[in-house]
Amino acid sequence: MSNIVDSAILLAGLAGTGKTNFLVGLDVILDNQTDKDGLVHSEHASDRAYIQPLREKWQRGEELDHTSRLAPPPPHQLLVRHPPSGAHATFHIADLAGETFDAQFITRSFSLEFGTRVTQTTGLMLFLHCDHDGEHAIHEHSCFADLAHANTADASRNSEEKVADWTIEKASKQAKVVELLQFIAEIREEPLRIAVVISAWDLVEKAPPGMANELPRDPIRFVAKRWPLLDQFLKCNSRMFPHRLFGVSARGGSNSQEEIARLTSMDQASDRVIIVDGNHRSNDLSRPVRWLMGLNDTLHSPNV
Amino acid sequence: MPQCSQPKCRFGESGVCLEGHKQECPHLLPLSEILTPRPIQTPVSATDLDSQPESHIFYTGEKLTISETSQLLNSSPVVMVLCVGAQWAGKTTFLARIGEMFRNGSIKDFRFAGSRTLCAFERISWLATITSGSGRPDTARTFRAEREKFFHLRVQRTEGSASLTDILISDLPGEDFPNALQSREFCVQQRALARADHLVMFIDCSSLIDKAKRHSERDNAKLFLSQIEKSRHDPTTLQVQVLFSRWDYVTKAENRAAHEAFCKAIELDLQGRFGNTFGALRFATITARPDDFSVSDSGIQNVFSNFLQSVPRATVVHSRGSRNPARDFCAFGQL
């Protein structure tokens, strides 16, 4: 780690996928680290104008404001120390609005600034929300279909239906995410490590056991089941995109009054955080960061 | 006189609204906007654009043009597939199902490794999604303007070699199928037909069960293969798959056995005439999107696997080939 002086990590993901909650949760964990291999703050950055108000809201259990696309915050600086090696590092994490990534898909372009970030970043954290559907549901089961139409098959194709025209913004979420990675591969020559973060993992763990097939509790199986196109793409392109999958609940629960009461009743705010990585389970949100930075390639649990 | 915001409307000059509105036309500009002088647009020179690029622009995500296809063909070995058949025979639905099966992970022997045409795949499946508001699954038809445009897929086998294979798939618009039957010259001019490794010919079973249509459907299949035999530079480099599409029309028909026998007779006839003409001649039945929603993808899986049975042809660019990529289709010695 001694040779890591200044690094950057890019957070990417569509709107509402938990990027800001992760960043705030990480900031809290770095002050309350319980994992002996985990990163800790060496000191706080001099400018905490963006993170500090968010951190206070997070600690009160309040919902965080949506990150503005029009006025994106500057990359947040983290000054960290890796206790096992005693080394120090500084890295910058840019928290861009989810709409930025939607806009990239629609306009088929990256801004020059984003392109520079892509080529210079140490690693990418790709956020998916566990409750988002990667794919549009297709009419495959008769229970979802209007059989009256089916019986009049060819003659009256959509004659009186109010069918929405396809526009590019209606593309499925997994198509948008895969396209983002394909765009990155267009301008970046070096391999890029990707930590795939499935956020709101507490919802997966609370799902009834009968739904285990639809909502697997293992992040690898979860992505294979719910985001199959992305799963296949990552497997086929593992040389360009070495990756690891994490289930994360950076907030710890929902926004309901009961949940907020539960979250704020914990003695340590960091206890509400969940991170699942294969068989490993803890609250150390620095785990994916360490992996992206090559600090711990011997994470014990199997993954990918 | 008020002015209209629609460029083609001459309401300001003639008083006649393009859309037949009177004073309440929503496109009329407020007077204040008309009177406000607009800044003069200074033309941006190409040099300025070159020196100050503002963004990285990527591919469109829509079907590849001949030029884009040619660039891909020149960069790596590619399997090229052309789907042909009459209108509504199910060509586009077949392609839509391939895209859907990769997106839902149900393709068994291959993994999705990438695509330059993700938007095009999303577009053709849109009417089959519940989100679209369509009451039943449907597929947007392929228009004539889309002729010689290509879907792209990059795939990897789930077992064995980790190498990636590029596939380009085009479907001849159904409204062009009669032209192909009537004119060998038309067939010769189709670059996709000249370069294709695989030809998928759709015979529409909804026509085969109709006594008034079935004979012409059968004859058209024979005639088309005959046109290919005569117009293709080397027919033995072409693998042909004849698909009896919309097979559910046969299985649901009252006299199913008779229809199956008719299809078998077509198969034997085509086998007798063209069995030694092409690199391969295979037959299959598929129901890409049955009306009773009993989706079975095994037929599509088999057809797709056949595309990747053979080693993709590498591009051999002759030294006299044009530098214009659109012309480099000629470099394959097919034209």
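The values are calculated or read from the model by the stated rules, or taken from the named source; none is laboratory data. It should be emphasised that the depicted structure is a prediction, and the values quoted were computed from it without experimental measurement. Counting neighbours? That spans all protein chains shown, and the Cβs are built from the backbone with ideal geometry, glycine included. Remember, those area values only see protein heavy atoms, side chains included, never the ligands or the DNA or RNA. Shrake-Rupley method; radii C 1.70, N 1.55, O 1.52, S 1.80 Å.
What does the structure give for B:60-72 when I average, per residue, the other chain Cβ atoms found within 10 Å of the residue Cβ?
1
If packing is taken as the average count of other Cβ atoms within 10 Å, what order do B:172-181, B:263-272 fall into, highest mean first?
Sorting B:172-181, B:263-272 by mean packing, highest first, produces B:172-181, B:263-272.
For chain A, set up a GNM with springs between Cα atoms under 10 Å and report which of A:His88, A:His44, A:His136 has the largest fluctuation.
A:His136
Taking the Cα centre of chain A as the origin and placing charges on Cβ (Lys, Arg +1; Asp, Glu -1), which of A:Val40, A:Leu234, A:Phe127 is farthest toward the positive end of the dipole?
Going by the Cα projections, it comes out as A:Val40.
Considering the dipole of segment B:53-104 built from charges on the beta carbon (Lys and Arg +1, Asp and Glu -1) around the Cα centre, which of B:Ser55, B:Ser70, B:Leu95 is farthest to its positive end?
Result: B:Leu95, furthest along the dipole toward the positive end.
Taking all protein chains as present, what is the carbon and sulfur share of the accessible area of segment A:72-138, in % to the nearest whole number, probe 1.4 Å?
Whole-percent figure for carbon plus sulfur exposure: 53.
Where does the charge balance sit around A:Cys236 when Lys and Arg score +1, Asp and Glu -1, over other residues with C-beta under 13 Å from its C-beta?
Local charge sum for A:Cys236: +3.
Determine the percent antiparallel among the DSSP beta bridges restricted to segment A:1-111, to the nearest 5.
60
What is the dipole size for chain A, taken about its Cα centre, with +1 at each Lys and Arg Cβ and -1 at each Asp and Glu Cβ, in debye to the nearest 20?
Dipole about the Cα centre, nearest 20: 620 debye.
If you count only protein heavy atoms with a 1.4 Å probe, what accessible area per residue comes out for segment B:170-249, rounded to a whole Å²?
With all protein chains present, segment B:170-249 gives 36 Å² per residue.
Can you list the residues of segment B:99-128 that have at least 50 square angstrom less accessible area with all protein chains present than in their chain by itself, probe 1.4 Å?
Those are B:Arg103, B:Arg111, B:Phe112, B:Leu118, B:Cys119, B:Glu122, B:Trp126, which lose 50 Å² or more relative to the chain on its own.
All other residues with a Cβ under 11 Å from the Cβ of B:Ser55 taken together, and with Lys, Arg as +1 and Asp, Glu as -1, what is their net charge?
In short, -1.
Using a Gaussian network model of chain A with C-alpha springs under 10 Å, which one of A:Ala71, A:Ala94, A:Ala49 is most mobile by mean-square fluctuation?
A:Ala71
Just checking the output field for A:98-108: average partner chain Cβ neighbours within 10 Å of each residue's Cβ?
So the per-residue partner count for this stretch is 2.
Between B:Ala253 and B:Glu175, how high is the FRET efficiency from 1/(1 + (r/R0)^6) when r is the Cβ-Cβ distance and R₀ = 25 Å? Nearest 0.05.
E(calc), rounded to 0.05, equals 0.35.
Report the charge-dipole magnitude of segment B:154-268 in Debye, nearest 20, computed about the Cα centre from +1 at each Lys and Arg Cβ and -1 at each Asp and Glu Cβ.
So the dipole magnitude of segment B:154-268 works out to roughly 140 debye.
What quantity of accessible surface, computed with a 1.4 Å probe and excluding non-protein components, is buried in total between chains B and A, in Å² to the nearest 100?
4400
Greater than 25 Å separation of Cα atoms is the criterion. Which listed pairs, A:Lys57/A:Lys225; A:Lys170/B:Lys63; B:Lys108/B:Lys149; A:Lys225/B:Lys149; A:Lys173/B:Lys63; A:Lys19/A:Lys173, meet it?
A:Lys57/A:Lys225; B:Lys108/B:Lys149; A:Lys225/B:Lys149
Sorted by accessible area with a 1.4 angstrom probe, largest first, how do A:Arg239, B:Arg147, B:Arg97, A:Arg60 fall?
A:Arg239, A:Arg60, B:Arg147, B:Arg97
What whole-number value in Å² describes the accessible area per residue of segment A:57-101 for a 1.4 Å probe?
The answer is 47 Å² per residue.
Give me the inter-chain shielding for A:164-176: mean count of other chain Cβ atoms within 10 Å, whole number please.
Partner Cβ neighbours, averaged per residue: 5.
Please arrange B:Glu100, B:Glu159, A:Glu113, B:Glu62 by accessible surface area, largest first, computed with a 1.4 Å probe and ligands excluded.
B:Glu159, A:Glu113, B:Glu62, B:Glu100
Give the calculated FRET efficiency between A:Asp31 and B:Asp210 to the nearest 0.05, with a Förster radius of 51 Å applied to their Cβ-Cβ distance.
Given R0 = 51 Å and the Cβ-Cβ separation, E is 0.10.
With +1 on the Cβ of every Lys and Arg and -1 on the Cβ of every Asp and Glu, and nothing else charged, how large is the dipole of segment B:158-216 about its Cα centre, in debye rounded to the nearest 20?
Dipole size: approximately 300 debye.
Going by average Cβ neighbours within 10 Å, how do the peptides A:204-214, A:260-270, B:195-205, B:75-85 rank, with the highest at the top?
Highest-to-lowest ranking by the protection proxy: B:195-205, B:75-85, A:260-270, A:204-214.
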